[in-house]
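All remarks here apply to the structure that follows.
The values are calculated or read from the model by the stated rules, or taken from the named source; none is laboratory data. Keep in mind that what you see is a predicted model, and the values were worked out from it rather than measured. Quick reminder, even Gly has a Cβ in these numbers, built from the backbone with ideal geometry, and neighbours come from all protein chains shown.
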Amino acid sequence: MLVLRTEALLALFSTLLLTSVCVDASGSRPHRIVVIGSINADTFLPVDRIPIEGENLTLLPGKLPVVDVPGGKGCTQAVAASKLLAPVGGSVSFVGQFGNDVAAQILQQSLVDAHVDVTFCSHHENIPSGRGYVFHTTSGQVSAVVSGGSNELGWLEWEHAWEIYNKDRNQILLQGKIDKLLQDCRLVMLQCEVPEYVNRLVARCAAQRGNILVVQDVGGEDRGMNEEHLRHCDYLMPNESELRRLVRSFGGPENDSDIETMAKFLQARGARNILVTQGSKGSTLVADDGTVIHQPAITIEEVLDETGAGDCYRAAFCTALCEDKSLQQCMEWATAAGACSVERLGAVPSTPTRGQVEDRVHTNWVERSVLDIPRGDGLGFRGGAKSFPFLIGSRLNSMKDRPELWDGALDDPREYVRRQSTIKGLTCVDFNFPQHFHTWSNEEAAKSLEMAGLRAGAVCLRYPSKFARGAMNNPDYELRQEAIELTKHAAQMARDLGAKEVVIWSAYDGYDYPFQVDYDEKWDELVGAFRECCDAYPDIRFSVEYKPTDENTRFFTIPSTGAALLMVNEVDRQNFGLTLDVGHMLMSGENPGQSIAMVGRAGKLFGVQLNDGFTRLAAEDGLMFGSVHPSMALEIMYQLRRTKFDGHFYFDTFPQRSDPVREAEYNIRRVKAFWYAASSMDADRLKRVMDEHDAIGALELVDDSLRRI
C-alpha cells in the first residue's frame, strides 16, 4: 500500500496563498508558470557510441558514471523557466512526486535553489524517485532508459480525482487545490513523463478558467493523445519523430515528412498551435491561423550534451509567451536557450540564466547582421570588433529566379518574402511600390515580415508604364500630380511598415534626343514635386536614386552624383537625400568611393545599393558585390565608415541564372569581409600614401587588405 506523507497532504490541500503572485499596479497579469511533470535522478554513462540492440558496451576507458544529476522533463523545464522569469519578477510552481531516497533530497534542493515553488509536490515513503540512465557519447549524443518510480506511481490522489470527475464532471476531488494551483497562472506546462490522466485533469481545469495557456510537450512516454485533450491544449510541442508518431496515432499517413502537412492534419482534429523542434534544422511553428514561422538553429561549435536542450527550448518559449513577446521573438529566445544548454553536461545543470540567453540572442543577431544603427560616431561596433552595424536587404524580385529550387509557386510577394527569410544574414526587405502591393494590405505585408523575422528597410518607387512619357516630368499636368500622389502613398506604406525611407527611381523622367525637352522646366518640376512630398511626410526620408541612362530613357534629368547633389541643395529639405547605386556610378564613369565621399560630406547619403559590373556599352550588369572591382569595393566600405553612413545595405543584383538565395548569402559574406578589411586598414600608413599621392603604395595597401578577405 502506498503511503502519502502527512506534510505532503497538507502541502497539497492547504491554502498555499504564498503561491499566488500579486497583480502589479498596471493591472497586467503576473508572469507565473505552473509546471506539472517528472523529476529524475540521472546517471550519465560515458560511452563511445549508442549501443544497438543486443550489444553490450563498457564505459570509455578511465571514465566513471556521473550519478544523481537532477533531470526529468518537469524538473528541467521548471528550473529553466524560473531562471528566465525570476529576474523580471516572475515565478514558477512545480507539481511533481518525490521518492523515499537520498536522490529526492538532491532533486528538491535543485528546484529550491532555482527559486521554484515546490509546495505542491508530494513525498512517498515506499516508492523510489524516478531514475534516468543516459548513454552519453563524446559527440554529445544521448540515449536514455527511464525508470518512472514516483513519477509513475505517486499520483494516486490525482488518479482518484480523475475517476470521480469522469463519473460526474461537476465533482473534482482536487477542485479547490487545483484552483489554488492555477490562481494567477498565465501558463501551464505539461509533458508525457507523468500519467496521462494528470495532464487531462489539469488541462480541463485550465480550460474552464479560459485565460490560461496550456502547453503540452509531446516528448516522454510513447503514447497517443486523447482528442479531447488535443482541443484543450493551446500549444503542442513535439520534435519531428514525436510529431510523426502522434499523427500515426490518429490514423494519419505513415511516412509523411512534411511538417506543415502533418501539423494541419492534427489541426483538423482540434489541435491549435504546433511547434516542432527539428534539431540542426531549427524549429517550425504552424499557428492556428495558418501562419507558418521557421526559426533557424544556432550553430554550436562543440556540443557536449543534448539531454536538456528540448526542455530548455520549450521553457524559454513559454516564458517569452508570458512576457508577451511576438511568436518570432519567442522562437528566437527559445532557440538561444536550447543552444546554451548543449554546452554543459546534465539536464538541470545545463539550464541557462536569463543573462546567458540574452547574450546568445544578441550573438545570433550579430551573426545574422540584425543590429541597431551605429552609435553616435556611426562607426561604433556593438558587441566587439566582429559585429556588423547594418541591416542588410536584397532585391526582392530576384526571388523569382530559379523557381525550380524553391518549394512554392513564387507568384506572390508573400512567397518572395518567405524565400528571403531563408537567406542567412538577411535582415530587411525593400519593397517595390506599387508592384508588390496589388494582392495584400499594409497590415498583411507587416505581418508577413514579422512571421519571416525580417524588417522593412525601404519602399522603392517603380512608376507604372502609364508614366512612360514621364512621372514627375510628364508633360500632362494631371499625370504629374498622380505621380506625386503615388509617391506620397509610398511614404504612407513605409510608415505603416515601420520603414523610414522611400527610394525614388523613375525609369521615365528624362529624354532621348537633343531639343526634346526644356531642361530648366523639367528640373523645376522635380524640385517642386520633391518638396511637396517631403513636406507632406516630414518623418519619412525621401531618397533619390539617380541613373545616367537606361533602355527606357537615354538621358535622365538627374544623370550623375553631382547633378543629384545640386537637386538636393535646391530642394532644401532635411528629409531629402540620395541613394547611390554602385552600378549606376560605374555607368556614369564615376569612382564610387569618391561619389560616396561627396554625398557623405554633405550629410545626404541616405542609402547604398551594392553590386558590381563590367559596364560594357553602358549596361547595368547587377553582378555580385566586389566580383569585378574588389579595390573599389574596399574603398566603398572605407568611405561609408569615414562618412558615418547610417542607412542599410541593399544588394541590387540580378542572379537570373544562379540560385538567388546562395547569391544573396555570398553577397552578405563579401560585404562583411570588405567591411572588416576596411576597418582594419593601417590608418597611419594610409595617411602617408594619401599625403604623397603614392599610387604604388595605395595598391600595396589594397593588396594587403584584400588578403584578409
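Tabulated data
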quantity	calculated
Positions within the range 475-503 being over 30 Å from the mean Cα position of the chain (by Cα) and surrounded by 22 or more Cβ atoms within 10 Å (Cβ to Cβ), in sequence order	Ala483, Thr487
Leading residue by the ranking (nearest to Glu450 (Cα to Cα)) among those in the range 400-432 that are small (Gly, Ala, Ser) and in contact (Cβ under 8 Å) with a residue 40 or more places away in the chain	Ser421
Matching option when the condition is modelled with pLDDT of 95 or more and touching a Pro at 6+ places or on another chain (Cβ under 8 Å), among Ile696, Ile636	Ile636
Qualifying residues in the range 390-416 (those that are under 21 Å from Gly647 (Cβ atoms) and hydrophobic (A, V, I, L, M, F, W, C)) - the one farthest from the chain's Cα centre (by Cα)	Leu396
Glu254 more than 25 Å from Glu152 (Cβ to Cβ), over 30 Å from the mean Cα position of the chain (by Cα), modelled with pLDDT under 90 and not small (Gly, Ala, Ser)	yes
Criterion (modelled with pLDDT of 95 or more, more than 27 Å from Glu551 (Cα to Cα) and in contact with a His (Cβ under 9 Å, 6 or more places away or on another chain)) met by exactly one of Gly457, Gly453	Gly457
The range 559-588, residues that are in contact (Cβ under 8 Å) with a residue 40 or more places away in the chain and either under 21 Å from Asn611 (Cα atoms) or not assigned by TED's automatic domain parsing to the domain that holds His648 (or both)	Pro559, Thr579, Asp581, Val582, Gly583, Leu586, Met587, Ser588
Residue under evaluation Val689, criteria (1) part of a helix (DSSP H, G or I); (2) surrounded by fewer than 20 Cβ atoms within 10 Å (Cβ to Cβ); (3) out of contact with any Gly (no Cβ under 6 Å at 6 or more places or on another chain), criterion not met	(3)
Number of positions in the range 58-73 that are in contact (Cβ under 8 Å) with a residue 24 or more places away in the chain and part of a loop (DSSP other than H, G, I, E, B)	2
Some residue of the range 451-460 being surrounded by 15 or more Cβ atoms within 10 Å (Cβ to Cβ), more than 20 Å from Ser326 (Cβ to Cβ) and without any contact (Cβ under 8 Å) to a residue 40 or more places away in the chain	no
Residues satisfying the stated conditions in the range 554-585, i.e. in a loop (DSSP other than H, G, I, E, B), over 21 Å from Lys500 (Cα atoms) and either at pLDDT 95 or above or among the hydrophobic types (A, V, I, L, M, F, W, C) (or both)	Thr557, Ile558, Pro559, Ser560
